[in-house]
Amino acid sequence: MTIKNYINGEFIDPVDGNYIDNFNPSIGEVYGQIPNSSIEDVELAYKAAKEAFPIWSKTTLEERSRILLKVADLITDKLDFLAEAETKDNGKPLSLAKTIDIPRASSNFRFFANAITQFPSEAHESVGLNAMNFTLRHPIGVVGCISPWNLPLYLFTWKIAPAIAAGNCVVAKPSEVTPMTAYLLGEICNEAGLPKGVLNIVHGLGQTTGQAIVEHQSIKAISFTGGTATGAHIARTAAPMFKKLSLELGGKNPNIIFSDADYDEMLATTVKSSFANQGQICLCGSRIFVEETIYEKFKKDFVNKVSKLKVGNPFDADTNLGALVSKPHLEKVKSYIDIAEKEGGKILFGGKKVTVLGSENGYYLQPTVIEIQDNSCKLNQEEIFGPVVTIMPFKTEEEVLEYANDVSYGLSATLWTNNLNRTMRMTQELQAGIVWVNTWLLRDLRTPFGGVKASGVGREGGFEALRFFTEPKNICIKY
Ligand code: TXE
């Protein structure tokens, strides 16, 4: 299957005819081609967006909202089809694509379709000066949205929906590793009646297509989710051009477990926060710290539960972990497991590649639990982004806070305790953009989403996203 670029409402070949392979990770085989778009393709997409902007930016909020709601409905109507496409492209269990990825893509459109109708601007009366200020929030113009492979349609639409709801026109690039559902979104947008050129999707490699979007003089804002090194590179390129930047980068999140937590619920959720989507979620709690008094019990129960997870063909209903997204990624994750013992770690479970009958060339890995002695080891400091977690005991609140914060990342943290005072103390001190207490991945789309330190700059979600995708202008009137 050959994917094409979606520009000005049409599906077109890349200008210079260059294509790259698209893999099905569950069988380790090429199943299609995608454009490796050049500067010329990005320019075509930009021109279409620029032309659409004057009308789209003046389209009433009611009309924008109506179209976005239609996109949301169509995604829901095509849930099975889109979920199957996502699973084939990414390797994730079909059950996950059906319950998380595709429903959330629909919710993203529905949420911002509604949010834009409620988005306020500010007014400030300058008391005693006989002046009144009000702030306009105008769309920026043409904006760039670049997304990763782990939650393909979910994260792609998380950027596009607020961008177009706010009246911008978009040049978007999904990950070259998982382009399929973004391609299918183009058809849905046409069916929903989104005017031509409002959304343009160019496919290709980061260094070429992505770089061309970031370097484009007239693309005024970049919303990016992906690796920290790529985020730093994008910031270096875009900052001297004074572009607005939102960078949602990696995580190395602590999962802190106290003995007073609801044990069974903590255990079941910890299995999910460790291995959902094969551990390829930037919010996974990959560093597990357990209070000493329950450490041995937790270790036994956790390993027991993990040992029952089924690694298998992602299309099988009873599969818990599907394939990792690509061969290079599988090798990267495996390389961390290989250094575990050198670093003084002990593999309590997993660590090996899995051969799945009938899919022998797929990229499968066991869920892996490694006991470590020292938070400063590579395994606890670098983002592995796979089905690998470490566990380590702690004695005191102060000690575990130090472990939790002693890392370059600061995306999310999970805390398991029923002690209210401790909850209040620790949530104040944890260096993270998101802290979950007695839960994980519970998302309310109105809340700010993003990280501190090497996990990024800026916040997505709710009005934060609409603020990012608009330019405020204050008008001051003296009377
Ligand atoms: O990310 P990249 P990759 C982390 C995770 C993973 C690592 C690398 O640790 O192992 O990032 O994954 C585009 N200009 N996360 O290689 O390369 C690229 O084409 C413009 C965390 O997938 O950062 C893709 O569309 N764009 C993350 C997107 O950037 C460029 C989720 C992300 O690719 C570009 C995924 C450039 N110079 C990986 N280079 C999370 N926090 O959710 C690449 N791209």
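The values are calculated or read from the model by the stated rules, or taken from the named source; none is laboratory data. For clarity, every value in this text was computed on a predicted model and none was experimentally measured. Positions of Cβ are generated from backbone atoms using ideal geometry, with glycine treated the same way; all protein chains shown enter the neighbour counts.
Some points to look at:
- Qualifying residue in the range 271-278 (condition: out of contact with any helix residue (DSSP H, G or I) (no Cβ under 8 Å at 6 or more places or on another chain), modelled with pLDDT of 95 or more, of a type outside the set (A, V, I, L, M, F, W, C) and surrounded by fewer than 23 Cβ atoms within 10 Å (Cβ to Cβ)): yes
- Within the range 118-149, tally of residues that are surrounded by 17 or more Cβ atoms within 10 Å (Cβ to Cβ) and in contact with a Cys (Cβ under 7 Å, 6 or more places away or on another chain): 1
- Restricting attention to the range 185-204 and to residues that are more than 21 Å from the chain's Cα centre (by Cα) and in a loop (DSSP other than H, G, I, E, B), the residue that is farthest from the ligand (Cβ to nearest atom) turns out to be Gly193.
- Close pairs from the range 284-306: first touching a residue at least 40 places away in the same chain (Cβ under 8 Å) and in a helix (DSSP H, G or I), partner of a type outside the set (Phe, Trp, Tyr) and buried (at least 22 other Cβ atoms within 10 Å of the Cβ), Cβ under 6 Å, at least 6 apart: Phe298/Val290; Val303/Val369; Val306/Pro367; Val306/Val369
- Pairs, first over 30 Å from Glu397 (Cβ atoms) in the range 242-257, second within 15 Å of the ligand (Cβ to nearest atom) and hydroxyl-bearing (Ser, Thr, Tyr), C-beta under 6 Å, six or more apart: Ser246/Ser223
- Qualifying position, being touching a strand residue (DSSP E or B) at 6+ places or on another chain (Cβ under 8 Å) and not assigned by TED's automatic domain parsing to the domain that holds Arg287, among Phe394, Phe449: Phe449
- Within the range 70-83, the presence of a residue that is under 21 Å from Lys159 (Cα atoms), out of contact with any strand residue (DSSP E or B) (no Cβ under 9 Å at 6 or more places or on another chain) and free of Cβ contacts under 8 Å to residues at least 12 places away in the same chain is excluded.
- Across the range 247-266, the qualifying residues are those that are in a loop (DSSP other than H, G, I, E, B) and touching a Cys at 6+ places or on another chain (Cβ under 9 Å), and the one among them that is farthest from the ligand (Cβ to nearest atom) is Asn253.
- Counting only residues that are surrounded by fewer than 23 Cβ atoms within 10 Å (Cβ to Cβ), small (Gly, Ala, Ser), more than 7 Å from the ligand (Cβ to nearest atom) and assigned to a helix (DSSP H, G or I), the range 205-228 holds 0 of them.
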